[in-house]
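Pasting a structure here, questions to come.
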Amino acid sequence: MDKDFKEILKKVRSIDIRTRRLANDALAGRFHSVFRGRGMDFDEVREYLPGDEVRTIDWNVTARAGRPFVKKYREERELTILLAVDVSGSGDFGSAARTKREVEAEVACVLALSAVRNNDRVGLLLFSDHIEGFVPPRKGRTHVLRLVHEVLSCHPEHRGTDVAQALDYLNAITKRRAMVFVLSDFQSTGNLSAALAKLRRSLAMLRRRHDVVALHIDDPRERALPNIGLFSLEDAESDEVVEVHTGSARVRAAFAKRAAQRRAAVDAAFRAESIDSVAIETGKPYLPALVALFESRHHARRGVLQ
């Protein structure tokens, strides 16, 4: 067996072990209550999942069964979850234990396992500045592990990033309403202003029919340079090499300012199109950020229903 293939399988198993309990205990119920519709016509009952609304508990069935059950309504149809994952060159960077690509794979696994726990279908789009691959939505844990393997083993033919093109592709091929998670560092190739304008147009079009969440994955070293003297920086997407004197406080300040401006511009684009976004850093736990997103959407939804 190829050494690289063995290493990828090892990573997939590791991610499966780390994320299985998180998906079942922390997110499955929240996923169900946040992203599914709830009508007025009673359909059936199902076993309670952590995060379900207490108001939906069927106390009669719960008393007879000795464990909690919740009411399910007729409008609770199965969801289609689409994971759009950035596999461009910049994803290979990581100053902590994992690269951005590995964090993307793990977060994608948590979301996918949470979805299939609720009998939803999950699909995968891999993109750079071209469409690198697409796996149609299906159900089941085996399918989820295949998606994780696809993310980790992908060898993109292109190195740049074009998130807008990926969103346009999903909008063209996905006719049924879906929940779209975009996992990327949003480091678009080329002029930032032009790229963000294009991104906004694509987000606006996609959001007309689908629910969209942006998961902004970055690394702390992309926001601040360490003071380690003179060294070379290579752009993973353009292969451009630049000599940087990090011993200069002015250079470090300029780098941090530019990174902050870029991040603020991306966040402003999300807000302008009413897109929920979550910041995920390679060196920090991602679960609190996901739980905060789900809780925020849960409270917002309750406000609409009341």
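Is the shape of the stretch 171-220 best called rounded, prolate or oblate, per the rule: a/c under 1.5 gives rounded, else a/b larger than b/c gives prolate, else oblate, with a ≥ b ≥ c the square roots of the Cα gyration tensor eigenvalues? Spell out each step's value before the answer.
Details: a/c = 2.84, a/b = 1.47, b/c = 1.93.
It is oblate, given that a/c is not under 1.5 and a/b is not larger than b/c.
OK, next. Given Cα pairs under 8 Å that are at least 6 residues apart, what percent is the relative contact order of the chain? Working shown, then result.
On the way: 536 pairs, mean separation 53.4, N = 306.
Answer for the chain is 17 percent.
Do the alpha carbons of any pairs in Lys100/Lys198; Lys257/Lys284; Lys71/Lys284; Lys72/Lys139 sit beyond 27 Å of each other, and which pairs? Please report the intermediate quantities before stating the final value.
Numbers: Lys100/Lys198 24 Å; Lys257/Lys284 22 Å; Lys71/Lys284 37 Å; Lys72/Lys139 20 Å.
Violating the 27 Å Cα-Cα cut-off are Lys71/Lys284.
Given a cut-off of 14 Å, what percent of all Cα-Cα pairs of the stretch 106-162 lie beyond it?
Details: 834 of 1596 pairs.
Distances greater than 14 Å cover 52 percent of the Cα pairs.
Of Gly133, Ala172, Leu22, which is farthest along the charge dipole of the chain in the positive direction, counting Lys and Arg as +1 and Asp and Glu as -1 at C-beta?
The Cα lying farthest towards the positive end belongs to Leu22.
Same structure again: Please give the charge dipole size of the chain, origin at the Cα centre, charges +1 on K and R Cβ atoms and -1 on D and E Cβ atoms. Round to the nearest 20 debye. Present the calculation step by step, with values, prior to reporting the outcome.
Values: 51 positive and 43 negative charges, 246 e Å.
With Lys and Arg at +1 and Asp and Glu at -1, about 1180 debye.
In the chain, with Lys and Arg counted as +1 and Asp and Glu as -1 at Cβ, which of these residues, His158, Val85, Asn118, has the Cα nearest the positive end of the dipole, that is, farthest along it?
Asn118
What's the local net charge at Ser274, with K and R +1, D and E -1, over the other residues with C-beta under 12 Å away?
Numbers: positive: Arg200, Arg207, Arg208, Arg271; negative: Asp211, Glu273, Asp276.
The answer is +1.
All of the numbers you see were taken from the coordinates with simple rules; none came from a lab. Remember, it's a predicted structure, so these values are computed and weren't measured experimentally. Neighbour counts are summed over all protein chains in view; Cβ atoms, including those assigned to glycine, are modelled from backbone coordinates with ideal geometry.
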